[in-house]
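Everything on this sheet refers to the single structure shown next.
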Ligand code: HEC
Ligand code: HEC
Ligand code: HEC
Ligand code: HEC
Ligand code: HEC
Ligand code: HEC
Ligand code: HEC
């Protein structure tokens, strides 16, 4: 019979608290990081460069890119502000680099940074994201087969593509607004779209409950490599007789055979047309 070690039992018993602790630490780190970036009066990262060019400020870009500048007030990145002389290298030029030569030349493409061609401009501020794309399993952004803008919107609304961009849309989306976030992934991953006869309700929480969108140490970009992935939502209970119940079914015999989704068990974690148990 399969029995858990003391350590495993302890982790299982405390897994909620452990999750909260690590989540809290992560949030704190994010808060410190973004406050530092948002409120600092020093440029803490070097913006991308164009040799010989000066920062001219967003108003100048508006002369020729009226629409982009007009919509930009709604963008996540428009919240980046710096007082005084540092203000010129926020806004457009924080991603596109100094624009004086580009403007003087009437818009020469080779005199302005375009992050579509290389994500380095984004990494100036999001250094941690680069390391996520270097994990063993990742979306092929550094390889040049995809860009950040396949999933993110730099110029208007929320930086997360597919997410609700405004109050009106959120109301229209109602409680299902999260599904529009899946929509972006499903444009490329059509096989996961369904519709399924037996839908797995987990899909309503969004692809990111199970997948790390940038990269992961686990295969298939999974957030966890074993049953922990599924036990985040499905309750596991050990009876005095030593059986392990999940969904009221004795799993003590199944668990040692592999992950929940391999070994001929729940092989269709996205949904099934055959069985409510997501087997095929
Ligand atoms: C968060 C970074 C970021 C900021 C800030 C930003 N851009 Fe961009 N910009 C991008 C990316 C990424 C692309 C490439 C878009 C793509 O892949 O389709 C781009 C593309 C462009 C293009 C090329 C046309 C196009 O849509 O492909 C123009 C013009 C442009 N930006 C102007 C601006 C202006 C003007 C501002 C300020 C109001 C601005 N950008 C602010 C990241 C940014
Ligand atoms: C004098 C007009 C003018 C000004 C001012 C101007 N641009 Fe442009 N820009 C253009 C034109 C025209 C193009 C289109 C070039 C093309 O498609 O070949 C362009 C293209 C771009 C592109 C796309 C380059 C690419 O790789 O295809 C970006 C990014 C861009 N501009 C950003 C900016 C930013 C940021 C500013 C302000 C700092 C700015 N521009 C100011 C005229 C201007
Ligand atoms: C000058 C620094 C800077 C650059 C360059 C930059 N970002 Fe950001 N970005 C930030 C900061 C700061 C935040 C946090 C803003 C906030 O929480 O309000 C942020 C937030 C984000 C978010 C999260 C939005 C959310 O809703 O949580 C995404 C996604 C993002 N950036 C993508 C990009 C991409 C893609 C690029 C390159 C095209 C880029 N960023 C370039 C500073 C930058
Ligand atoms: C396959 C789609 C996809 C691609 C490509 C992608 N992202 Fe993301 N990104 C996401 C999703 C989805 C989230 C939200 C994560 C969550 O909710 O757990 C996110 C979150 C973020 C965040 C905020 C949270 C964090 O991890 O810091 C930043 C910043 C970010 N992305 C930057 C980038 C940059 C920079 C690139 C390009 C180098 C990029 N992303 C490419 C899908 C993508
Ligand atoms: C622009 C198209 C595109 C978008 C949008 C996209 N992906 Fe991908 N995805 C890819 C490509 C390309 C690969 C790499 C396939 C390969 O390496 O064989 C991939 C790989 C994956 C894999 C691993 C597949 C495997 O067989 O190992 C998963 C899981 C995944 N994506 C989930 C997502 C999720 C979740 C989102 C939304 C946050 C998303 N993708 C958005 C194109 C996309
Ligand atoms: C309940 C957790 C869960 C959710 C939610 C989820 N996935 Fe998955 N996904 C998995 C597991 C587990 C695998 C690995 C299946 C395997 O290896 O046989 C996987 C595999 C994949 C693959 C690799 C292709 C394949 O069949 O092996 C892609 C692509 C993918 N998922 C995309 C998505 C997209 C897009 C969404 C959101 C619409 C999503 N997933 C939501 C658990 C999930
Ligand atoms: C985000 C939460 C969440 C995650 C993660 C999750 N599930 Fe689910 N799952 C649900 C919900 C909600 C239901 C529907 C209610 C129920 O039957 O318990 C469900 C139903 C099921 C069912 C059908 C049960 C029945 O009796 O009809 C199976 C089988 C299942 N999930 C397997 C898995 C597997 C395997 C994984 C890991 C790959 C997983 N789930 C991950 C939330 C989740």
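Any read-out appearing in this document is the output of simple, stated calculations on the displayed coordinates, not a laboratory observation. On a predicted model such as this, the values are computed, not experimentally measured, just so you know. Here Cβ is always computed from backbone atoms with ideal geometry, including for glycine, and neighbour counts include all displayed protein chains.
State the extension gain, in nm to one decimal, for the chain segment bounded by residue 219 and residue 150, taking 0.36 nm per residue of separation less the distance between their alpha-carbons. Could you put the intermediate results ahead of the total?
Numbers: separation 69, 0.36 × 69 = 24.84 nm, distance 2.14 nm.
Gain on stretching residue 219 to residue 150: 22.7 nm.
Between residue 79 and residue 249, what is the FRET efficiency for a Förster distance of 41 Å, r being their Cβ-Cβ separation, to the nearest 0.05?
On the way: r = 48 Å, r/R0 = 1.18.
With a Förster radius of 41 Å, E is 0.25.
Relative to the present Cα-Cα distance, how much length would full extension add between residue 228 and residue 190 at 0.36 nm per residue of separation? Walk me through the numbers on the way to the answer.
Values: separation 38, 0.36 × 38 = 13.68 nm, distance 2.64 nm.
Gain in length upon complete extension: 11.0 nm.
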